[in-house]
Amino acid sequence: MPWFPVKKIRKQIKLLLLLLLLTCAAWLTYVHLSLVRQGRALRQRLGYGRESEKLAGVTDGRGVQAALSTKRAEDSSESREEEQTAGQDPNMLFPGGAGRPPPLNLTRQTPPWREEYKGQVNLHVFEDWCGGAVGHLRRNLHFPLFPHTRTTVKKLAVSPKWKNYGLRIFGFIHPTRDGDVQFSVASDDNSEFWLSPDESPAGAQLLAFVGKTGSEWTAPGEFTKFSSQVSKPRRLVASRKYYFELLHKQDDQGSDHVEVGWRAFLPGLKFEVIDSTHISLYTDESALKMDHVAHVPQSPASHVGEHQQEEPSADMLRPDPRDTFFLTPRMEPARLENVLEPCTYAPTYVVKDFPIARYQGLQFVYLSFVYPNDYTRLTHMETDNKCFYRESPLYLERFGFYKYMKMDKEEGDEEEGEDVQRRAFLFLNPDDFLDDEDELLDSLEPSEAARPQSRRPSQATPTTAAATPWPPTPPELRDSGTPRHSRALSWAARAPPRPLFLGRAPRPRAEARPLPPKVYVTRVQPGKQALSRAPAPLRPRGQPWAPFPGVFLRPRPLPRVQLRAPPRPPRPHGRRTGVPLARVQAIQATRGDQAHTPGLVVPTPGSNSSSEVRPVTSFLSLSQVSRPQLPGEGEEEEEEGEEDGAPGEEAISEDSEEAADPGERHGRWQEDAIDWQRTFSVGAVDFELLRSDWNDLRCNVSGNLQLAEAEAVDVVAQYMERLNTQHGGRFALLRIVNVEKRRDSARGSRFLLELELQERGGSRLRLSEYVFLRLPGAHAGDSDGDAGSPEPVPASPRLDSRPELCRPLRLAWRQDVMVHFIVPVKNQARWVVQFLADMAALHARTGDSRFSVVLVDFESKDMDVEQALRTARLPRYQYLRRTGNFERSAGLQAGVDAVEDASSIVFLCDLHIHFPPNILDSIRKHCVEGKLAFAPVVMRLRCGSSPGDPHGYWEVNGFGLFGIYKTDFERVGGMNTEEFRDQWGGEDWELLDRVLQAGLEVERLRLRNFFHHYHSKRGMWDTRSRKGSRTE
């Protein structure tokens, strides 16, 4: 039996355990390195690297590297696949392949470098893009591959003295000696400095930055204002070159500049700007065209933090069945021919052969109603534009929506009911309101009728049982007043406009005593001296202030407050604080002379219900309901006050209350209590009912008109009943996807029904057909159809005289018709590339090959347009080359002439458009040969906005995006190439006039996710600018 050294093992147990641990550590290290080489790594729980950050990439819809997100190692329990899926944009045309975006396309192989590259670096400029943060620059559609300008710079200190631009400066840094170096960046506004540990852009790391929100900035050369400006020491070797990238964003304010400094990591040394002796180009771009982008480096700096998943800022971005309903197979129109009886379709609003003045066709375009709500109303833009509501913007800014609210009475408070009726009402100028507001303002009137004995015949003012009569009106004001016509304010129309506020008097008793008159207290403007002698009759000074000439508030009982105050020296002008009691004091001081003042009435012992003096006060500091002082108004009133005032009298400013002794003021003034338990009643308000189908050119944030649900459901129910009667109940309605109504009050309404049906024993089908709801007894009118076509059999009227559905003749749209996008271009390389990429994405997403792109090129010099068309993955395309200056009308006409099929649709298009996936289906549905043309409303994005974060407005005036059959286009005469030569603007309105005169309807709808990109107009169409001059 072999001998086992048990005693020796016990003595060396610690060494054996240490050897075992070292063996396990070596094995784990080997496994980790093997996984790293295969693209994987062991999951670690401890943080590593600077600030424990790791990069994880996502990709946007353009197929290029989009974003890098930082994530702490402590939160690394989630898989990378989940991170990438959460970062996808649901509105992208590209579905993302197999549901996961492709890997990052970082540039790891640098182009060949030459010695003559030294002394300058590459500079890319992105013009006319708002915002001050570097994140705003990354949201630019063309960043980083397609800048507006490519040039070079000789040092890392740039100040173009311009606004709303972004810079991307990149190249190599060549240190002169080995050692630790610190970098710092200074800029106005934000900037970031990235440096790679070698010459590869893929390894760039953020070293220093100025701000992240766009509000941070530094002065030129101020390298130590923020802690983030200065980097940690980096070890550099003189024999190597290092890739760097500098990003800068400037808004429209401040002194634009950006500079990078460095210093050796030694005490007392200052930062010095990196000059031409230590930098070199990344590559030479002087001989490359703008569409050549393979050489542009893509680094983590170019895409970090872009397109992260966020809550949509607009309701229009949320998913809707309309967006993808075109993918559902359509029911063949042949199966629907006998469902409804045929009828002639000739609406009365068609202006065929009617003489229209130039550019007046806009007044003959009507809107359609839509059900269900497509959320095209730009609710997120109504903080800036409240035109959807009928009130005046100035009224809403000052008074809000309180007129739609009725405050509830408190339980057990008998006096509260009377007090609510005496609550302060605002009686404004009737001319400041629209007619549609009259009914709403009428609701503000007191519910109880006024007593006849308390009302003067010549002054029809609403009063309650506790109200007081009007004061006597001066003859000059009574005779000069003009009658008002507003129904809401007719009873207050003859009251002279005065800048009045609430005077408070005790409630009159039931005895037959003279009722207390109203109190009128004028707000003292800054710099206005108090009236110290007998007040003159109130009269308007100069022109009345336009929106709100005066405010009248009913009296309310208040606790007695003494108005006596010691004389105080006048305060300097320019501040609006305190309680403006100077006017009240002046009135009280001249109470004896008030009998000679017909325009101003103040409570006196003789006129009040009580024999004692009732003190009167004002709560102007609480209400603050007055018009703002206009520029220069205070000085003029001050001069008038000096002329009217008696010598030796003392003027008191409106903020004299502030100068009073705090203890004294505390004893005279009481703060109003806030009732946190106040409730109110309100009724449901549907502002859509106030809208009409007239093409409102004043409001550009309102969406499509909303069709009432009951009307849409009733029409769908009638159609489904006829459909199942014809086919034996084979179809079941799953949901109503879309209903569009064009109203004709004389003959009936046209409907486009889009329903999702389930066929018995079959699959889901899409029904998309036009129907006509004809009014009983309506005449068909003249038809412009073919003379040889047989007359349709008139639809049999219903016994109950209700409108009945019928099938309008020659109003069926074709799903297989070809659509040609006509686009004229010149020197717009980056936009041409983007447009072709969007068209290729549209083809890939929809699988629809029945469309063509026709590009009319006016000798573009920045790219080879024909070559770009060849390489684009389009089903069909045509390239036309024209010489001379850019002419939009001539280019569109040349593109239409190149289309051979006369029975196809031509869509006059722009280059800077973002198309929704259902654009082809929308064009086909709303274009009917000989009947309908389509002019969709596009949302014009603001500077700095993108389709993922849309801020802008609907282009309600523009008709440049126009779809029409070629036969109809030729019948109306085509584009006007004679008058609109060498210019554009107005040619779309001129074409609209002729289309309407030809008897065609123009369908006008706002399309979801249909955007016009904001773009720079500098350099468009060969615009030349001198050096040193600036062109917007």
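Here are some notes:
- Efficiency of FRET between Asn695 and Leu911 - r from beta-carbon atoms, R0 35 angstrom, step 0.05: 0.85
- Within the full protein context, the accessible area of Lys386 is estimated at about 80 Å² for a probe radius of 1.4 Å.
- Surrounding net charge for Leu961, when Lys and Arg each add one and Asp and Glu each subtract one, Cβ distance under 9 Å: -3
- Prolate/oblate/rounded label for region 217-334 (Cα gyration tensor, a/c 1.5): prolate
- Residues of region 166-210 with amide N under 19 Å of a point placed 7 Å along Cα→Cβ from Ser255: 185-191, 210
- Glu1003 long-range amide H proximity, modeled H, under 5 Å: Ala933, Phe934, Ala935
- Theoretical FRET efficiency, 1/(1+(r/R0)^6), r = Cβ-Cβ of Ala287 and Lys163, R0 41 Å, to 0.05: 0.85
- Among Ala157, Val258, Leu269 the positive-end extreme of the charge dipole of region 142-271 (Cβ point charges): Leu269
- Along region 748-756 the Karplus relation, 6.51 cos²θ - 1.76 cosθ + 1.60 evaluated at θ = phi - 60°, assigns HN-Hα couplings of x, 10, 9, 10, 10, 9, 10, 10, 9 Hz to successive residues, with x for each Gly and Pro.
- Region 822-902: translational diffusion in µm²/s, Stokes-Einstein, Kirkwood Rh over Cα pairs, 37 °C, 0.692 mPa s: 253 µm²/s
- Share of carbon and sulfur in the accessible area of region 191-263 stands at 50%, probe radius 1.4 Å.
- Evaluating 6.51 cos²θ - 1.76 cosθ + 1.60 at θ = phi - 60° for every residue in region 283-291, the Karplus couplings come out as 7, 8, 10, 5, 9, 9, 7, 5, 8 Hz, glycine and proline recorded as x.
- Nearest-0.05 FRET efficiency for Arg764 and Gln363, computed from C-beta distance (R0 45 Å): 0.60
- Prolate/oblate/rounded label for region 320-363 (Cα gyration tensor, a/c 1.5): oblate
- Rolling a 1.4 Å probe over the protein heavy atoms leaves Trp989 with an accessible area of roughly 80 Å².
- Rounded to the nearest Hz, the phi-derived 3J(HN,Hα) couplings of region 959-968 under the Karplus curve 6.51 cos²θ - 1.76 cosθ + 1.60 (θ = phi - 60°) are 10, x, 8, 9, x, 7, 5, 4, 4, 5, where x marks glycine and proline.
- Cα gyration tensor category, rounded, prolate or oblate, for region 290-406 with a/c compared to 1.5: oblate
- Packing rank of 399-408, 927-936, 954-963, where each peptide gets the mean count of other beta carbons within 10 Å, highest leading: 927-936, 954-963, 399-408
- Inter-probe distance in nm under a simple model that places probes 7 Å from Cα toward Cβ, at Ser745 and Val713: 2.7 nm
- Think of region 670-717 as a dipole: +1 on every Lys or Arg Cβ, -1 on every Asp or Glu Cβ, centred on the Cα centre; then among Asn695, Ala717, Gln670, Asn695 lies furthest on the positive end.
- With each label modelled as a point 7 angstrom along the Cα→C-beta vector, the Tyr404-Phe687 pair spans 0.7 nm.
- For Ile674, solvent-accessible area (1.4 Å; no DNA, RNA or ligand), Å²: 120 Å²
The values are calculated or read from the model by the stated rules, or taken from the named source; none is laboratory data. Computed from a predicted structure; not experimentally measured. Reconstructed Cβ throughout: ideal geometry from the backbone, glycine too, with neighbour counts over all protein chains shown. Just so you know, the surface numbers come from the protein's heavy atoms only, side chains and all, with ligands and any DNA or RNA stripped out. Shrake-Rupley method; radii C 1.70, N 1.55, O 1.52, S 1.80 Å.
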